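Laboratory data are not the source of any read-out in this text; all were calculated from the coordinates shown. What you see is a predicted model, and the numbers here were worked out from it, not measured in a lab. Positions of Cβ are generated from backbone atoms using ideal geometry, with glycine treated the same way; all protein chains shown enter the neighbour counts.
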Amino acid sequence: MIRGVLATSHIFLKKDLQEKDIWKLYRKYYSNEPFIRIVKERDGIYRFPDPKILIGTNYCDIGFMKDPKSNRVVIISAIDNLMKGAAGQAVQAFNISNNFDEKTGLSFPGFHPI
């Protein structure tokens, strides 16, 4: 059984941003999120988010590519829908609502850690 969700979306940029500027925005926006990982590899098997490497984790991996011809950014994200999608989200919400460390009980590196 393969579990996980791979979601793809895109946005058209109103102004021309360089890819490095987009990386800075993503890093700034998600810098305090313990379960968001920005996938930045351009070569190899981990160049895009992949649900199989997230099995058993509460992480959401996000990556993107910019299409220079259309000034469009394609965003790819992946989660394990049993952990991040249900059980992990419940534990994370419980932790936050009870003033526990948000990561308590959720730091498992997964069955395929990178």
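Among the residues of the range 17-54 satisfying the criterion of being assigned to a helix (DSSP H, G or I) and among the β-branched types (V, I, T), which is farthest from H112 (Cα to Cα)?
The extreme case among them is I22.
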Among the candidates T57, T8, residue that is in a loop (DSSP other than H, G, I, E, B) and within 16 Å of the chain's Cα centre (by Cα): T57
If you go through the range 97-106, how many residues are without any contact (Cβ under 8 Å) to a residue 40 or more places away in the chain and either under 29 Å from H10 (Cβ atoms) or assigned to a loop (DSSP other than H, G, I, E, B) (or both)? 6
Of all residues in the range 46-90, count the ones that are farther than 28 Å from D16 by Cα, touching a helix residue (DSSP H, G or I) at 6+ places or on another chain (Cβ under 9 Å) and β-branched (V, I, T). 3
Tell me which residues, restricted to the range 83-114, are within 15 Å of the chain's Cα centre (by Cα), of a type outside the set (G, A, S) and surrounded by 12 or more Cβ atoms within 10 Å (Cβ to Cβ). M83, K84, Q89, I114
Subset of the range 31-80 (residues that are among the polar types (S, T, N, Q) and surrounded by 15 or more Cβ atoms within 10 Å (Cβ to Cβ)): T57, N58, S77
Given (1) under 15 Å from the mean Cα position of the chain (by Cα); (2) surrounded by 11 or more Cβ atoms within 10 Å (Cβ to Cβ); (3) basic (K, R), where does K28 come up short, assuming only one miss? (2)
When the range 1-24 is examined, which residues are found to be under 26 Å from E102 (Cβ atoms) and surrounded by 11 or more Cβ atoms within 10 Å (Cβ to Cβ)? R3, G4, V5, L6, A7, W23, K24
Hey, among the residues in the range 60-96 that are without any contact (Cβ under 8 Å) to a residue 60 or more places away in the chain and in a strand (DSSP E or B), which one's farthest from K40 (Cα to Cα)? D67
